[in-house]
1. With +1 on each Lys and Arg Cβ and -1 on each Asp and Glu Cβ, how big is the dipole of region 224-346 about its Cα centre, in debye rounded to the nearest 20?
2. Where the only charges are on Cβ atoms (+1 Lys, Arg; -1 Asp, Glu), what is the dipole of region 236-287 about its Cα centre, to the nearest 20 debye?
3. In region 329-379, carbon and sulfur make up what percent of the accessible area (probe 1.4 Å)?
4. Report, largest value first, the span of the C-alpha coordinates of region 215-314 along each principal axis, in whole Å.
5. Pop out the carbon and sulfur fraction of the accessible area of region 83-193 as a percent, whole number, probe 1.4 Å.
6. Could you pull out the pairs from K341/K407; K18/K319; K109/K252; K145/K335; K114/K311 whose alpha carbons sit more than 24 Å apart here?
7. Per DSSP H run of n ≥ 4, the term is -39500 (n - 2.57); total these for the chain, divide by its residue number, and report the mean residue ellipticity at 222 nm rounded to 500 deg cm²/dmol.
8. Just the Cα atoms of region 25-109, one point each, no solvent: what log10 I(q)/I(0) does Debye give at q = 0.16, 0.17, 0.22 Å⁻¹?
Amino acid sequence: MNVAVIGGGGREHALVRKFAESSKVDRIFAIPGNAGMSDVAEVIHGVTENDFEAIAGVCLENEVEWVVVGPEAPLTAGIVDYLEDEHDIRVFGPRKKEAQMESSKAFTKELMEKYDIPTAKFARFDDYDAARSHIESEGAPIVLKKDGLAAGKGVVVAMDMDEALAGLDELMDDGSPVVIEEFLEGEEFSLMVLVNGEYTHSFEMIAQDHKRAFDGDTGPNTGGMGAYAPVSHIDESHRTEAIEKIVKPVAKGMVEEGLEYFGILYLGAMVTSEGVKVIEFNARFGDPEAQILLSLMEDDLGEVLEKVHRKEPFELRFKPGCMVGVMLASHGYPKAYQKDKYVEFDAVRDDCYISGLRQDMDGLYMTSGGRVLLVTGYGETVDQAVKAAYDNVGQVKFDEGDLFFRKDIAHRAL
């Protein structure tokens, strides 16, 4: 079969690589793809991920049987509705209504409240003064979230009142509503779930992301500065608790609400003193967790897709050992940053996933985004994987001050 992957980041780089291993897949089209995908996919330049008509044209012309949507923006804009309803093209990804699980935090919180899913207490505000009063009455620490898409950056975890009020100013500066939540404390983990209505298959392996920009989990929230799997210090019982108390009830609740979710549902969860609770849901693979988990997965992704479509039971297998990924980001990210800085990574190309790089006229790589390159390392133990990842980072060449990265990825597991 022919497959089209929508998106041009590291997550999509991992997807096309994984599909390239599939005995089921003949041709892979990356729309718009990125500079690192051409060895495993046909990169469709000049078509953006939001140009649904042009995407449909590519798919119809090339007899694409499955479209897999990577990023959240086209899902929220209704790419699945358009391709399925207008052109009868099969898509792995939720329709616009179901994508609200990510695009509207208030929608998701209200669903969890209705179906008694464990999560932080919350309140939603359109009015700045009301939100400020709520913060002042609740005190800090407290969590503020923009009620909409923000590429993983629309969250402020405020440890004191100054941070909370500054965060409120930042999140509501464009008039966007906010969701304000109680602060939860504990170990976070990411669980990817394959969903088709009430049918769910949760990944047998969890990952742990590093959201904050700087070492020691300090600085602003980002789209993710690194990840690793497996997470051996979080017991398997917590994964199964998440499945029984969160994943299955949420899938059932969505069906009862008339939602037919089909695609990946990302659960960001926390192990608290009161049990596992939901931090967030995303309507697609996590990034950079997808790069790690798909690299470790031994199964044929084309076959997995078909099994989920048919609602068949199966088991995912992951190779033993550990994988660690370290994100190189443009200086200044997640705030303002400069582009067009040269990066050279030929020595470790097979261990890298491109997030924000383009090629110049001579084929040299230049930065084009905030998060630039995920550099991975594999080992039999976490220690070995951490060493391998940072050894590989050391082989990436860039001018001092152009890029930065965290030096403590997987520190919780060490």
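1. 300 debye
2. For region 236-287, the charge dipole is close to 60 debye.
3. Carbon and sulfur: 47 percent of the exposed surface of region 329-379.
4. Cα extents, longest axis first: 44, 32, 26 Å.
5. For region 83-193, the apolar C and S fraction of the accessible surface comes to 44 percent.
6. Those over the limit are K114/K311.
7. -8000 deg cm²/dmol
8. Here log10 of I(q) over I(0) equals -0.62, -0.69, -1.05.
The values are calculated or read from the model by the stated rules, or taken from the named source; none is laboratory data. Quick caveat: nothing in here was measured; it's all calculated off a predicted structure. Here the Cβ is made from the backbone with ideal geometry for all residues, glycine too, and neighbour counts use every protein chain on show. With ligands, DNA and RNA removed, areas are computed over all heavy atoms of the protein, side chains included. Shrake-Rupley method; radii C 1.70, N 1.55, O 1.52, S 1.80 Å.
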